[in-house]
Amino acid sequence: MIGCDCAVCRSTDPRDRRSRPSILIEVAAAPEAAQASPVATGVRSILVDTSTDLRAQALTHGLRRVDAILFTHSHADHIFGLDEVRRFNVLQRAAIPLFADGPTLDDLRRTFSYIFTPPVAVGGGIPQLVPFCVAGPFSLAGVEVTPVPVWHGRRPILGFRLGRFAYLTDCSAIPDASWPLLDGVDVLIVDALRHRRHPTHFNVDEALGVVARLAPRQAYFTHICHDLPHAATCAALPPGVELAYDGLLLSV
């Protein structure tokens with residue numbers, strides 16, 4: 001936190017050094033991908049949100065390929081790294097498909113008008129993107145991606161489920177119609193901002209309530225503020241529940 005001298009902000013534990021939330025999903029090639037839509041063919045690395053810290057995250061973790069981008073919503077911390085994907089256009093010599101709901105696509109087109117309605121005289125590189133509006137489940141790399149509507153305060157946004165894995169960042173409530181979409185989830189990543197209640201995010205107790213209802217084998221809390229020291233918080237959580245941290249690698 002800028003200008004903060006709390007114990008977590010001064011911590012030497014690398015798991016207390018938190019950049020903006022985002023995940024990369026690497027999918028092994030599947031034979032059926034070749035029979036799917038042209039968008040799905042050849043997808044290997046799926047990026048969820050282009051965080052403000054994308055450049056630093058990509059350099060830190062050796063990210064060299066992005067075959068598709070999923071957006072949960074259009075708040076600044078989840079989209080302001082979008083310009084950085086032009087490097088992947090160069091490396092891959094191809095445009096990158098992105099998937100979002102209608103309101104998020106509208107916000108992206110407005111915020112990044114130079115990308116989606118570029119000027120006639122172009123100066124400098126511009127990301128090459130192919131937008132698709134998410135209206136239901138779709139396939140990437142032979143894996144079905146199921147959008148999971150959740151509430152982020154008063155705003156409806158998306159989480160995503162792939163197989164038995166689900167990612168629900170920036171949520172404060174799960175509507176009744178979305179719970180069945182999460183049945184049988186084995187690994188869950190869910191928002192848990194802090195211990196105190198917050199109007200647009202789950203707190204730790206609320207996130208634990210989600211875990212108790214879904215009963216995944218393993219759950220990780222994300223979108224963590226500096227109120228939660230990693231080691232002490234994990235020690236107080238029930239078995240099978242941990243705080244996520246930058247660089248965490250999961251096999252699902």
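Here are the numbers:
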item	result
Strands (runs of 3 or more DSSP E) lying entirely in the range 156-252 (those with 3 or more residues that are buried (at least 16 other Cβ atoms within 10 Å of the Cβ) and within 17 Å of the chain's Cα centre (by Cα))	165-168, 187-191, 218-222
Criterion: outside the structural domain of W179 (by TED's automatic domain parsing) and in contact (Cβ under 8 Å) with a residue 60 or more places away in the chain - qualifying residue of V66, V85, V130	V130
Single unsatisfied condition, H73 versus (1) surrounded by fewer than 18 Cβ atoms within 10 Å (Cβ to Cβ); (2) under 30 Å from I224 (Cβ atoms); (3) in contact (Cβ under 8 Å) with a residue 24 or more places away in the chain; (4) of a type outside the set (S, T, N, Q)	(1)
Residue within the range 93-103 that is touching a residue at least 12 places away in the same chain (Cβ under 8 Å), among the basic types (K, R) and part of a loop (DSSP other than H, G, I, E, B) present	no
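Residues checked against (1) within 16 Å of the chain's Cα centre (by Cα); (2) under 16 Å from F88 (Cβ atoms); (3) part of a loop (DSSP other than H, G, I, E, B); (4) modelled with pLDDT of 95 or more:
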| residue | (1), (2), (3), (4) |
| --- | --- |
| A34 | no, no, no, no |
| V43 | no, yes, yes, no |
| I46 | yes, yes, no, yes |
| A58 | yes, yes, no, yes |
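The values are calculated or read from the model by the stated rules, or taken from the named source; none is laboratory data. The shown structure was predicted, so the numbers you read here are calculated from the model rather than taken from an experiment. As a convention, Cβ positions derive from the backbone with ideal geometry for all residues, glycine included, and neighbour counts pool all protein chains shown.
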